[in-house]
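Here's the structure we're looking at; comments come further down.
We did not get these values from a lab; they are worked out from the coordinates using the rules stated. Small disclaimer: the values here were computed from a predicted structure and weren't measured. Positions of Cβ are generated from backbone atoms using ideal geometry, with glycine treated the same way; all protein chains shown enter the neighbour counts.
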Amino acid sequence: MRTGRSGSVPLLTPATAWFGLFFALPIAAMVVVSFWMVTDYKLVPTFTLANYTKLAQPLYLSIIVRTFAIATIVTILAALIGYPVAYYLARRLKRMRVFVLTLIVLPLWTSYLVRSFAWMLVLGTSGALNWFLQGIGVTDEPVRWFLYSEFAVIVALVHIYLPFFILPVFAVLDKLDHRLLEASSDLGAGPWTTFWTVTLPLSRPGISTGCLLVFIPAAGSYVSPELLGGPSVLMIGSVIAQQFGLVFEYAFGSALALTLMLGILVVALGLLRIGRVQGLK
Amino acid sequence: MTIVTGKIEPMGTMAAEHGLIEIDRVRKSFGAHAAIDDVSLALGEGHFVTLLGPSGCGKTTLLRMIGGLETPDSGSIRIAGTPVASFSPIDRPTRMVFQSYALFPHMTVEKNVAYGLQRRRMPDAEIKTKVAAQLEVVGLSEKAKSYPSELSGGQQQRVALARALVTKPRVLLLDEPLAALDLKLRQRMQAELKSLQRSAAITFVYVTHDQHEALGLSDRVVVMEKGRVAQRGTPAEIYHRPANRYVAEFVGDISVLDGTVRGTADGGARIETAAGLFMASGPAVRPGDKVHAIIRPESVRVASGDDGTGANRLRATVGSATFRGADMLVEFRGPADIRIQTSIASTAPEAAAITPGHTVTLELPATALWIIPADRNANASESSL
């Protein structure tokens, strides 16, 4: 083993170099910059904690809380909608499987931007949803909070990231040995008991991966909140973009980005822990 | 190994037994393929019953239908008088041991075994005692906290058995449970299964394609062919009095003499073959019937002396000999290219005389030469011998 390990070092060099150059180095730079100051739109290498104390201001604090709250809600909704879909696809559907899977993946081929714009057309005051609700007489006036609201952002993000939840859960459920379910039923369990004691615990790795794949981009999302949230629903992604692109506050922008990363890292570690099932190889 | 002469019913006596499991004209198809084609069987309580046949003969489908995992297209399966379909999952008197064991990978050995008891809403303390006792029986007490992935194949097999047995089923269904184990372990598990079955006094229905396993373990064997029952009986009946050539060949080696019945006697018949007249035993036949007379290698005797003209004797030349350790399998060629397989103990005095080309006299005892009807689908040249 020892010779094998030292022998693999040359092989790992390109990967390590790539990782160092394009991941470790930029992050290290961001960490350093986040403790610097910006004066006259220029970075000044003077150590300061100001960028981090600024984060504690109610304005930024509320944005951070909103970001993680929206990402959490989006993840939970994606799980609640995605799990039954994945279950149905993997365990019930036989013939139409490939077709339905294609339908699920198809939206991923269109631009993220297009999908966000599409929701504007659906949720706007003269959009499809209001037209429909007025048509059937549920409401006389267009509902205003459909668009430019947290509701709009959540709906769009769930729609955009749902396939990322469905696919890993589908993969796990598809591989699930049906004899385990038969064994459970043979031992006297009804379908619900079998689901709670066998199917669900064994789909945890897929659920965990799916949640990660939804939570991470949702927490860092930028385009959807910009287009659908309006000025009142700011998320960190937009603020970071502003710091770098609009007001040239690189140092504060770095501090924000690192905070976002750290928050995501904590959630990701938690999710990975949930996804680890003892006994599974 | 004595052959009972007298009036012989090749189908055995199982049909008359009181059946714990009664299978009545069951059919089951998967698409166009008839997996089970009109099977009726009665399996007695407390027996070790084996469903034997090659893959695709329907034995696993039949087992799964007994266990309620598959529903017959028509016909009925009753256990102790109650149709299988009308049992609730908890009341069902059968439990299945799957070929792949189907242990829950995310549960410890202990939890796997407790699973069935928990479904029966037993108090925790009682579950604990029963699980511990059952693990003791299968010798896995120290592995209680291990996960299935940490166990060897044989240990996983024991957990699967414990998980099923702890719920005290009346019938244990086993689907090729030893197929994944190596030879040594398989032999040991066979002995353990047999003693478990005896001590637990449970009816075992055991599916296998291995005739040695079937003959060695069972009280009753059901040989299946293409979704039908080819024969049922005790292992000795199946082996010594096969109902047809399919069964005869499936459970062991045979040599075949084709012939025509020339006269009948009590429990037997005189058969004219290319090698002369032979007395054989078997089911009732009529003069003129085309039959096969078959014999197992171990029943063929190498006679002393050169006289090939006596009763049930023929002269034959050694074709090939295969040394198998305890014995030698020798293939002789007789008149009209009749091939006779014989097994001769390696230590027997006549073994020394077995060299290719050597001619000896073989005796095919009338009690061991068994009559089966000629193959219906055999072509004319074969059956005219």
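Annotations for the structure displayed:
- Amide H contacts of residue B:206 (H built 1.01 Å from N, under 5 Å, at least 5 apart or other chain): B:49, B:50, B:51, B:174
- Charged-residue dipole, Cβ positions (Lys, Arg, Asp, Glu), the protein assembly as shown about Cα centre, Debye nearest 20: 1060
- 14 Å cut-off, amide nitrogen to a point 7 angstrom out along residue B:128 Cα→Cβ, residues in the range B:82-116: B:111
- Charge dipole (Cα centre; +1 on Lys/Arg Cβ, -1 on Asp/Glu Cβ; no other charges) of the range A:31-110 amounts to roughly 640 debye.
- Taking the fewest neighbouring Cβ atoms within 10 Å as the starting point, the ordered list for B:121, B:339 is B:121, B:339.
- Other residues whose C-beta falls under 12 angstrom from the C-beta of residue B:179 contribute a net charge of -4, scoring Lys and Arg +1 and Asp and Glu -1.
- Cα→Cβ-extended label distance, 7 Å offset, between residue B:37 and residue A:174, nm: 3.7
- Neighbourhood charge, 13 Å Cβ-Cβ cut-off, centred on residue A:37 and excluding it, Lys, Arg +1 and Asp, Glu -1: 0
- log₁₀ of I(q)/I(0) at q = 0.13, 0.14, 0.20 Å⁻¹ - the range A:166-274, Debye sum with one point per alpha carbon: -0.65, -0.70, -1.01
- Structural size metrics of the range B:253-373, computed from C-alpha coordinates, are Rg and Dmax of 14.2, 43 Å.
- The value of relative contact order for the range B:16-245, using C-alpha pairs under 8 Å at least six residues apart, is 29 percent.
- Pairwise inverse Cα distances across the range A:76-139, averaged and inverted, put the Kirkwood hydrodynamic radius at 14.4 Å.
- Going by neighbour counts of Cβ atoms within 10 Å, the residues B:59, B:28, B:111, A:281 line up, fewest first, as A:281, B:111, B:28, B:59.
- Based on Cα contacts under 8 Å between residues 6+ apart, the range A:132-230 shows a relative contact order of 45 percent.
- Distance between the modelled labels on residue A:280 and residue A:31, one decimal in nanometres: 3.2 nm (7 Å Cα→Cβ projection).
- In sequence order, the range A:168-176 has phi-based couplings of x, 5, 4, 4, 5, 5, 5, 7, 4 Hz under the Karplus curve 6.51 cos²θ - 1.76 cosθ + 1.60, θ = phi - 60°, and Gly or Pro positions carry x.
- Whole-Hz ³J(HN,Hα) from phi, Karplus 6.51 cos²θ - 1.76 cosθ + 1.60, for the range B:317-334, glycine and proline x: 10, 5, x, 9, 9, 10, 6, 10, x, 5, 9, 10, 9, 10, 9, 9, 10, x
- For the residues A:169, A:38, A:74, a GNM of chain A with alpha-carbon springs under 10 Å puts the largest fluctuation on A:38.
- q = 0.14, 0.16, 0.19 Å⁻¹: log10 I(q)/I(0) that the Debye formula gives for the range A:82-211, counting C-alpha atoms only: -0.78, -0.88, -1.02
- Counting every C-alpha pair in the range B:30-114, the share spaced more than 15 angstrom apart comes to 67%.
- Counting neighbouring beta carbons within 10 Å and listing from fewest to most, the residues A:68, A:47 come out as A:47, A:68.
- Over every Cα atom in the range B:77-168, the radius of gyration and the widest Cα-Cα span, Dmax, amount to 13.8, 42 Å.
- Shape category assigned to the range A:1-153 from the gyration tensor of Cα positions, a/c cut at 1.5: oblate
- Computed over the range B:16-245, the P(r) tail beyond 30 angstrom holds 24 percent of alpha carbon pairs.
- Over the range A:54-275, volume per residue of the alpha carbon convex hull, in Å³: 158
- Helix-only [θ]222 nm of chain A, DSSP H runs n ≥ 4, -39500 (n - 2.57) each, per residue, nearest 500: -20500 deg cm²/dmol
- Relative contact order of the range B:196-323, taken over Cα pairs closer than 8 Å and 6 or more residues apart, is 15 percent.
- Scattering profile of the protein assembly as shown at q = 0.09 Å⁻¹ [log10 I(q)/I(0), Debye over alpha-carbon scatterers]: -0.93
- The 3J(HN,Hα) values that the Karplus relation (6.51, -1.76, 1.60; θ = phi - 60°) gives for the range B:349-365 are, in residue order, x, 6, 4, 5, 7, 7, 10, x, x, 6, 10, 10, 9, 10, 10, 10, x Hz. Gly and Pro appear as x.
- nm² value of the averaged projected area, convex hull over the Cα atoms of chain B: 22.1
- Using Cβ point charges alone (K and R +1, D and E -1), the dipole size of chain B about the Cα centre works out to roughly 1100 debye.
- Farthest positive-ward along the range A:54-275 dipole, Cα basis, beta-carbon charges - from A:252, A:90, A:60: A:90
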